[in-house]
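The values are calculated or read from the model by the stated rules, or taken from the named source; none is laboratory data. Predicted model only: the values in this text are computed from it and were never measured. Cβ sites come from the backbone with ideal geometry, for glycine too, and all protein chains shown count toward neighbours.
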Amino acid sequence: MNILKKVLVGLVALEHIYFLILEMFLWTKPIGLNTFGNTLEVAQLSEVLAMQQGLYNGFLAAGLIWGMFHPDRKIGFQVIVFFLLCVIVAGVFGGLTAGTRIIFVQALPAVIALAAVWMARD
């Protein structure tokens, strides 16, 4: 179960690194426009806000990675649980306010990872 926990938490972290790249650097590029269904004009007007969102996603990824590699396993567990809960709350809020797809793309993987982390705790 320990390997499964690390893989699932790592995937959530990688997902948020991807969100960081997408929102900070690709927002006005074709992949960003297609992903979020924006026109170039809308994307240009919201680019600074998207960069801010991307930065926050980077913080979520950093927290998960920090928890995974923390030398004290109990503290690492607490850090991972905290950041997964942050991801879940952000995913549910996004799903309720921006589009239900976010619940499945962001919140659900974090819920699955949290379940694995909880079952593998010491």
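Could you look through the range 113-122, keep only residues that are in contact (Cβ under 8 Å) with a residue 60 or more places away in the chain and surrounded by 13 or more Cβ atoms within 10 Å (Cβ to Cβ), and pick out the one that is farthest from Phe19 (Cα to Cα)? Looking at the filtered set, the residue picked out is Ala120.
Let's see how each residue does on (1) in contact (Cβ under 8 Å) with a residue 24 or more places away in the chain; (2) at positive phi; (3) in contact with a helix residue (DSSP H, G or I) (Cβ under 7 Å, 6 or more places away or on another chain):
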| position | (1), (2), (3) |
| --- | --- |
| Val42 | no, no, no |
| Ser46 | no, no, no |
| Ala50 | yes, no, yes |
| Gln53 | yes, no, yes |
| Phe59 | no, no, no |
| Trp66 | no, no, yes |
| His70 | no, no, yes |
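Across the range 82-101, the qualifying residues are those that are β-branched (Val, Ile, Thr) and either modelled with pLDDT under 95 or over 13 Å from the mean Cα position of the chain (by Cα) (or both), and the one among them that is surrounded by the fewest Cβ atoms within 10 Å (Cβ to Cβ) is Thr97. Remark: pairs (first residue in the range 4-30, at negative phi and free of Cβ contacts under 8 Å to residues at least 24 places away in the same chain; second residue of a type in the set (Asp, Glu) and assigned to a helix (DSSP H, G or I); Cβ separation under 9 Å; 6+ apart in sequence or on different chains) = Thr28/Glu47. For the range 63-80, how many residues are under 13 Å from Lys5 (Cβ atoms), surrounded by fewer than 14 Cβ atoms within 10 Å (Cβ to Cβ) and within 18 Å of the chain's Cα centre (by Cα)? Selection size over the range 63-80: 0. Does Ala110 meet the test of being more than 23 Å from Val7 (Cα to Cα), surrounded by 15 or more Cβ atoms within 10 Å (Cβ to Cβ) and either in contact (Cβ under 8 Å) with a residue 40 or more places away in the chain or over 13 Å from the mean Cα position of the chain (by Cα) (or both)? No; evaluated as a whole, the condition is false for this residue.
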